[in-house]
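Enquirer: Could you have a look at this structure, given as structure tokens, before my questions?
The values are calculated or read from the model by the stated rules, or taken from the named source; none is laboratory data. Predicted, not measured: the structure shown is a model, and the values here were computed from it. Backbone-built Cβ (ideal geometry, glycine too); neighbour counts: all protein chains shown. Remember, those area values only see protein heavy atoms, side chains included, never the ligands or the DNA or RNA. Shrake-Rupley method; radii C 1.70, N 1.55, O 1.52, S 1.80 Å.
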Amino acid sequence: QVQLVESGGGLVQAGGSLTLSCAASGRTYTMGWFRQAPGKGRDFVASIRTTGLTTYYADSVKGRFTISGDNAKNTVYLQMNNLKPEDTAVYYCAADLDYFSASVRRTTTYDVWGQGTPVTVSS
């Protein structure tokens, strides 16, 4: 079973930047980032197809966040710029092990999840 290990969360001031990393122990076809704020559901942030590197973003992060992948390392990154207090959440990495993915924005598409890494943006 593929496992995911996330890193890079932390505390940052509004307007600052952070980069999250997610390393997979095996082959994946789509990798995504989701986030969950206290008392709220888990929301889609961004995803990337590891074949072709097509990317997808939530409207709330478009233009500020960039997802990228390194297939040689089975690792994806989420570069987060111009962070806002409303970006505060636990960020989860997820992997879809199926070549024929359903909607990349749905949590149910993904087979494996990381443990989550907290991101706190202070105002």
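Enquirer: How big is the gap, in Å, between the Cα center of segment 37-60 and the Cα center of segment 63-123?
Expert: About 6 Å separates the Cα centre of segment 37-60 from the one of segment 63-123.
Enquirer: A further question follows. Tell me which lysines have Cα within less than 30 Å of K40's Cα, excluding those fewer than 8 residues away on the same chain?
Expert: Of all the lysines, those that pass the test against K40 - Cα under 30 Å, at least 8 places apart if same chain - are K62, K84.
Enquirer: To continue, here is another question. Taking the Cα centre as origin and putting +1 on Lys and Arg beta-carbons and -1 on Asp and Glu beta-carbons, what dipole magnitude results for the chain, to the nearest 20 debye?
Expert: Value, rounded to 20: 120 debye.
Enquirer: Out of G8, A23, A37, whose Cα points farthest toward the positive end of the dipole of segment 5-84 (charges: +1 Lys, Arg; -1 Asp, Glu; placed on Cβ)?
Expert: Going by the charge dipole, the pick is A37.
Enquirer: Can you give me the accessible area per residue for the chain, using a 1.4 Å probe, in Å²?
Expert: Working: 6150 Å² over 123 residues.
Value returned for the chain: 50 Å² of accessible area per residue.
Enquirer: Quick one: which of 2-8, 90-96, 58-64 comes out on top by average Cβ neighbours within 10 Å, and what's the full order, highest first? Could you put the intermediate results ahead of the total?
Expert: Values: 2-8: 16.1, 90-96: 22.9, 58-64: 13.4.
Sorting 2-8, 90-96, 58-64 by mean packing, highest first, produces 90-96, 2-8, 58-64.
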